[in-house]
Structure formats: structure tokens, C-alpha cells
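Student: Shown below is the structure under consideration.
The values are calculated or read from the model by the stated rules, or taken from the named source; none is laboratory data. Because the structure is a prediction, the values reported are computed rather than measured. For accessibility, only protein heavy atoms count, side chains too; no ligands or nucleic acids. Shrake-Rupley method; radii C 1.70, N 1.55, O 1.52, S 1.80 Å.
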Amino acid sequence: MYTASDLKKGLRIKIDNEPYVITEFNFVKPGKGQALYRCKLKNMITGSQFERTFRSVDTFDQADLQQKKMQYLYADGKKYYFMDNETYEQVFLVEEQVGDAKNYLIDNLEVEVLLYEDRPLGISVPNFVDLIVTRADPWAKGDTVSGNTKPVILQTGYKVQVPPFIEEGEKIRIDTRTGEYLTRVKG
Amino acid sequence: MEEQRQLANRRDTLIKRARIIQAIREFFFNQGYLEVETPYRIPTPAAEAHIDAVCSGSWFLHTSPELCMKRILAANYQKIFQICKCFREGERGDQHLPEFTLLEWYQQGTDYNHLMRDCENLILFIADKMDWGDIISFKGKQISLPKPWDKLSVKGAFEKYCPCLLSEVLENKCFEEMLVTHIEHHLGRNRPLFLYDYPISLASFARAKKGDPTVAERFELYIGGMEIANGFSELVDVEEQKRRFEKDQQYRRSRGKTIYPDPKRFLDALTHMPEAGGIALGIDRLVMFFTDSPTIDDVVTFTPETL
């Protein structure tokens, strides 16, 4: 149980049985009056945002969120399927919930799925993922005009800037936190 | 180390802060005020419904110097001012620090109208001393300082900006919610504004208005939507003051808050206190205004989080 004085940016609370995250927070206390806690909240399921003002006597339940290790299986239209490795139970998330992580989803990739009372809300992928280059223009030696990088397309359809020596069929490592090329992977 | 870098970046603001405080002292010295100091650590703070004191052993750190300042007035000092640190438990936000700097001034034989003139003159004096002109940029707005400033009664503010009537708001005990949601951001947008004549139920130390006992002679100064000062014609009726303390104590008791002992010596002194006007002005916020700083963190050397 939280009280109003525990409220801060990033805190996850439960209101009317739905999980919310506080995206903005401010303490106000007009004219010797009672303290108020003005919050912007985001519904973690629907993504809808709203403002709400709480008093110091208000209390809140913690939003009970779980992280579970799961394996990416396949995508079917806008649905992305994952499997719990222990129970073999399958869940799916829609494209909006997966977000940028879809750029790194290759078969059998192990991800963390965020669940709220068994409902999946989002995923987080490993910090580093190795992906195969499926399309790249050949390196024109002596080409100094095009600069130090060139665009390539990876097996997930993700387009990324890489050094000019990277060729089709090679495997490269991407930092998923920045979305940028890190290094070439041998083998 | 990040804190040290940010502290170094606040140099210009801290220089301005020091100069503003110097100008405040000059303003009051020029008018024959006596600067006084009163103890920070006191046996009992003023019982206010929504202000909690920080404990210090079996005593408390003062939440404002109000009680001591009035005892000095009652001993027949005519014009006094103080710049001091005050402490309020649990107050932390973009405009709040649990330890902050307050300016208070009191003058015998005056009332809240006189204090409003003082506010105008003080802030214009500072702007002039600093050579900042009489238009100050704050939060993307140009605030024009030349007199006279705007005045709006609390009742008028609710009629103008709030979807419900003040009487309904008081009945439903949601005065503060309505004020911050619908009204405050409109106040003092183009020039400073005095929000005045507060409902009598929202006054701890202000006397009832002559001719209208439903309101108190109390005002708040707003600049750019930010509350800067709270002043009033002082209540000098001991019996009425005791009743208000009792009401605030009852509220505190019902909420399980700390009950403060009665400030007996203050109440004794109040019987000798002449009519007076008294006001508290937040120096940190005044510096925020003059330096166009978005948060109170930007105008102090350290916040509790950086110690």
C-alpha cells in the first residue's frame, strides 16, 4: 500500500483494477491549504493518459506486475507470439505493445515479457542482438563521397547504418537500447 | 560529481540571489524598519491545520517566525522585519523545499491594503536596484511591474475562472483542488495580482473584514501563476484567536496529526498587541521570478537530495 507521499514519477499504481504509471508529478500546496499531489497517469494497458489530483490522505495499491522469460515464436499479421519456456503457454502482443523491439525479434530469441495479472503489456529484448544482413550495396572502394557509413537491411526488415565494409550475409551486433550498429560478428 | 557541476552552473543565479537579499534589506532599512532575529527552535509552533513542523528533540523547528514576531510587536516595536530559514515537514515540489527562506515584515497601525502597496514598492525597488527594468520575463511571459497591480477577490476569481461557486466549493471542502485546477495559472499572468478577501474559514491569523465578517482581510500575491506572499491585517482578538487554534487542533486531532501545545506566552502577549499588518514572502520564489527559473532547486545552493 502506498500513501500520497510515496507518489513519484515512474511509480506503478492500481486504480479501478488497472495498472497505471505516473508520468508527471508535482506537489502543490496553495495558500496554507492542504497538500495536493498533481499527477499525470498513463494506463499501462490502453496507453491513455489523464491528469488527477490526490490528497495526502489517499492511499493506493501497488500495480502487481511480473516479468517472465519467454521465447519469440512468430508473427501473424500484427500479432507477435511468445511462449513461456516452463509452462509452454503461449501469449501474444500487438504491434503497438511490442514497439521498437520488433526490429530485433528473430526466431527463438529470449525476451522478458511484462505481465499484469497474466495479461501481457510489453516486452524487453536483450541489450545486444546479433542479426544477419540481408541486403547491402557492395562497397565501392575509394568512394569517399558517401561518408563513413551506408544503409543495410537486416533479417527483421530493420534498416540500419553500418560501416561500408559490411557485406550481405554477414552477421552484425546491434545495441537495442540505441538501435545502432556495434560490431561485426564472426562465424 | 553531477551535483558539483550543476552547483557550478548556478553561479549567476546565486549571485543574483545574494544581490536581491541585499536590496530587500536596503529597502526596509531605508524605511526605518528594525531587522530582528528570533529562535528557529521553539517549544510550540503555530497550530495550523495543514502545516506540519519538524521535531527537534521535544521542541520543534519553527514553520515561520510569526509567533515571535508578534510578541516583539506587542512589546511596542513599530516596524520589524526578518529574513530566516523555515522548516515544514513533507513539503517538496517544484516550488517547495522542506527548508526554505522566508521574509516577514510587520508594521503597527497598518492593514492589508498598506501591505499590498509595500509589495509593489519592494519588488519595484529590487528591479530598479538591479537595473532589470520594469518588464521581467518569467515562464515565457512578459510580466509588467509598473503600479498599480491587479486585484481580484477570491469570490470574484471563482466566478471568473471556476465552473462552480465558491459557496459550493467550501461546502464540499475542495477549495484547494479548484484553486490549483481552475484558477491559479490565470493569476498574475501579465502583471502581479493580489488575490484578496479569503473566506473566514481559511484564515488562521487574519482579522474579519470590517463590514463583512464572512471574509478575512487576507491576500496572496501571485506572479506568473506562482504564489509569492501571504499577508493580512493581524487578528488581535485573543478569544477569537483561541477559538481558531482550537478549530485547527481539532482538525489535526481528527487526522491523527501531531497536536502542538498552546502557545501560552504568545496568547498573553496578543492582549497587548496593537493593530498591525503582517506578511510572509517566499524569497526562493521571488528569486525564481527574477531569474526566470522553473524550479526552486535552481535558486538554492543545495536541496535535501543533493546533500
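Student: Each residue of the stretch B:35-51 in order: what ³J(HN,Hα) in whole Hz does its phi give by Karplus 6.51 cos²θ - 1.76 cosθ + 1.60, θ = phi - 60°, with x for Gly and Pro?
Tutor: Along the stretch B:35-51, the couplings run 7, 10, 10, 10, x, 6, 9, 9, x, 8, x, 5, 6, 10, 4, 10, 10 Hz.
Student: Right, another one. Find the relative contact order for the stretch A:1-43 and round it to a whole percent, using C-alpha pairs within less than 8 Å whose residues are 6+ positions apart. Let's see the in-between values first.
Tutor: Details: 62 pairs, mean separation 14.3, N = 43.
RCO, the stretch A:1-43: 33 percent.
Student: OK, next. Can you give the Kirkwood hydrodynamic radius for the stretch A:74-159, in Å, rounded to one decimal and based on Cα pairs?
Tutor: Values: mean 1/r = 0.0662 Å⁻¹.
In the stretch A:74-159 this quantity evaluates to 15.1 Å.
Student: Something else now. Let me check the size of chain A from its C-alpha atoms; what are the radius of gyration and Dmax in Å?
Tutor: In order Rg, Dmax, the Cα atoms of chain A give 22.2, 73 Å.
Student: Once you compute Rg and the Kirkwood Rh from C-alpha atoms, what is the Rg to Rh ratio for the stretch A:65-124?
Tutor: We get a ratio of 0.91 for the stretch A:65-124.
Student: Hey, another quick one. Beyond a 18 Å Cα-Cα separation, which of these cross-linked pairs lie in this structure: B:Lys173/B:Lys209; A:Lys32/B:Lys173; A:Lys9/A:Lys42? Can you show the working numbers first?
Tutor: On the way: B:Lys173/B:Lys209 22 Å; A:Lys32/B:Lys173 14 Å; A:Lys9/A:Lys42 11 Å.
Flagged as over cut-off: B:Lys173/B:Lys209.
Student: Using Cα pairs under 8 angstrom and six or more residues apart, how large is the relative contact order of chain A, in percent?
Tutor: Once divided by the residue count of chain A, the mean separation gives 14 percent.
Student: How about B:Lys79: which lysines have a C-alpha closer than 19 Å to its C-alpha, ignoring those fewer than 8 places off in the same chain?
Tutor: Leaving aside lysines fewer than 8 places away in the same chain, those within reach of B:Lys79 are B:Lys70.
Student: Under the Kirkwood approximation for Rh and a Cα-based Rg, what ratio Rg/Rh is obtained for the stretch B:129-233?
Tutor: Here Rg/Rh amounts to 1.01.
Student: Right, next: Which three semi-axes in whole Å describe the equivalent ellipsoid of the stretch A:128-185, each the square root of 5 times a Cα gyration tensor eigenvalue, listed largest first?
Tutor: On the way: eigenvalues 73, 28, 17 Å².
Three semi-axes, in Å: 19, 12, 9.
Student: Under 5 Å between amide H atoms, partner at least 5 residues away or on a different chain: which partners does B:Val215 have, H built in plane at 1.01 Å?
Tutor: Long-range HN contacts for B:Val215: B:Ile200, B:Lys209.
Student: What are the residues of the stretch A:29-48 that lose 10 Å² or more of accessible area, with a 1.4 Å probe, going from their chain alone to all protein chains?
Tutor: Buried by 10 Å² or more upon assembly, which counts only protein chains, are A:Lys29, A:Pro30, A:Gly31, A:Lys32, A:Gly33, A:Gln34, A:Leu36, A:Arg38.
Student: For the protein assembly as shown, what ratio Rg/Rh do Cα atoms give with a Kirkwood hydrodynamic radius? If you can, show how the numbers build up before the last one.
Tutor: Working: Rg = 30.0 Å, Rh = 26.9 Å.
Here the Rg-to-Rh quotient is 1.12.
Student: If you don't mind, another one. Given a cut-off of 31 Å, what percent of all Cα-Cα pairs of chain B lie beyond it?
Tutor: Numbers: 13679 of 46971 pairs.
The proportion of pairs with Cα distances above 31 Å equals 29 percent.
Student: Ignoring solvent entirely, what values of log10 I(q)/I(0) come out of the Debye formula for the stretch B:150-307 at 0.09, 0.11, 0.13, 0.17 Å⁻¹ when each Cα is a single scatterer?
Tutor: Debye output, listed in q order: -0.37, -0.56, -0.78, -1.18.
Student: Using just the helices of the protein assembly as shown, give the 222 nm mean residue ellipticity in deg cm²/dmol: DSSP H runs with n ≥ 4 each add -39,500 (n - 2.57), and the total is spread over all residues, rounded to 500. Working shown, then result.
Tutor: On the way: 11 runs with 111 residues, N = 494.
That comes out to -6500 deg cm²/dmol.
Student: For the stretch B:213-298, treating each Cα as an identical point scatterer without solvent, what Debye log10 I(q)/I(0) comes out at q = 0.13, 0.24, 0.25 1/Å?
Tutor: Here the Debye-derived log intensity ratios amount to -0.66, -1.10, -1.14.
Student: Quote the convex hull volume per residue of the stretch A:2-62, based on C-alpha atoms, as a whole number of Å³.
Tutor: It comes to 70 Å³ per residue, whole-number rounded.
Student: Can you tell me the mean projection area, over all orientations, of the convex hull of the stretch B:86-134's alpha carbons? Units nm², please. Spell out each step's value before the answer.
Tutor: Working: hull surface 21.0 nm².
Dividing the Cα hull surface by four gives the mean projection, 5.3 nm².
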